[in-house]
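Colleague: Sharing a structure here in structure tokens format.
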Amino acid sequence: MMAMAHPKLALRPYLADDAALILEIFRASVMDLTGDDYTEAQQQAWAAAADDAAAFAKRMGNQLTLVASLEGSPIGFASLATGGKIDMLYVHPAAVGQGVAAMLIDAIEKLANARKIEMLIVDASDTASGFFQKRGYVAQQRNTVTVGDEWLANTTMHKQLSPKPEAS
Ligand code: ACO
């Protein structure tokens, strides 16, 4: 019997050529993974952010966006916007529960540390808030945002990365 190599998870920066696959991951992730927390109408409104492919690609390109791949195929992505804001974190439904999001957010935190960003902020979906809580993010406030014709709830969470300077 031939031994199977362990599937290889890897991270790399987002490239313009990734746009179409990243859009598909976003849509599939929203539509397949968030149904316990949001209605179908809310999911449709959320996924519609990908309808303007050029605007979505521009958003990814303007941020520090990392792509996770399995055997070279993209399976998830995360992005860091200005002000230490984690803007996006989406994993393909076929790849959840394998540590992909953890790997992406570990890398985002290391990059943020290297850039001397002291605090990361995320408006976490109700689907992702447990993930962020487990990684040390603390809930600050609940929000309700309009997306298309729908209202969606999320939670602003913070994580302190570097120690605060001692008060003198
Ligand atoms: N609640 C509690 N714990 C969780 C959750 C959760 N919802 N999701 C993952 N975890 C835990 C896992 O059990 C695992 O724990 P372990 O380290 O003890 O084994 C750990 O967190 C790491 O999990 P991963 O496997 O890395 O997470 P995964 O790759 O499955 O991705 C994610 C999690 C990103 C939330 C995924 O389910 C997803 O894409 N959801 C839909 C889209 C979404 O809501 N994205 C966030 C939008 S908000 C934003 O982008 C800023």
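Colleague: What tally of residues in region 88-111 results from selecting those that are near the ligand (Cβ under 6 Å from one of its atoms) and either in contact with a helix residue (DSSP H, G or I) (Cβ under 9 Å, 6 or more places away or on another chain) or polar (S, T, N, Q) (or both)?
Modeller: 8
Colleague: Oh, and also: So Ser168 passes all but one of these: (1) open to solvent by 70 Å² or more (accessible area, probe 1.4 Å); (2) hydroxyl-bearing (Ser, Thr, Tyr); (3) at pLDDT 95 or above. Which condition number does it fail?
Modeller: So the condition that Ser168 fails would be (3).
Colleague: Of the residues in region 106-128, how many are surrounded by fewer than 21 Cβ atoms within 10 Å (Cβ to Cβ) and of a type in the set (S, T, N, Q)?
Modeller: 2
Colleague: Follow-up question, since we're still on this one. Does Ile22 meet the test of being within 9 Å of the ligand (Cβ to nearest atom) and of a type outside the set (S, T, N, Q)?
Modeller: For Ile22, the condition - within 9 Å of the ligand (Cβ to nearest atom) and of a type outside the set (S, T, N, Q) - is not met.
Colleague: Within region 112-137, which residues are among the aliphatic types (A, V, I, L, M), without any contact (Cβ under 8 Å) to a residue 40 or more places away in the chain and more than 15 Å from the ligand (Cβ to nearest atom)?
Modeller: Once the filter is applied, which keeps residues that are among the aliphatic types (A, V, I, L, M), without any contact (Cβ under 8 Å) to a residue 40 or more places away in the chain and more than 15 Å from the ligand (Cβ to nearest atom), region 112-137 yields only Ala114.
Colleague: Shifting gears a bit: In region 55-105, how many residues are closer than 14 Å to Glu24 by Cα, under 11 Å from the mean Cα position of the chain (by Cα), of a type in the set (A, V, I, L, M, F, W, C) and open to solvent by 10 Å² or more (accessible area, probe 1.4 Å)?
Modeller: Count: 2.
Colleague: Let me ask another. Any residue in region 58-80 that's over 26 Å from Pro7 (Cα atoms): show its pairings with residues that are open to solvent by 60 Å² or more (accessible area, probe 1.4 Å) at Cβ separation under 7 Å, as long as the two are six or more apart or on different chains.
Modeller: What qualifies is Gly61/Ala16; Leu80/Leu111.
The values are calculated or read from the model by the stated rules, or taken from the named source; none is laboratory data. The structure presented is a predicted model; accordingly, all values stated were derived computationally and were not measured. In this analysis, Cβ positions are derived from the backbone assuming ideal geometry, glycine residues included, and neighbour counts consider all displayed protein chains. Heads up: the accessible areas ignore ligands, DNA and RNA and are worked out on the full protein's heavy atoms, side chains in. Shrake-Rupley method; radii C 1.70, N 1.55, O 1.52, S 1.80 Å.
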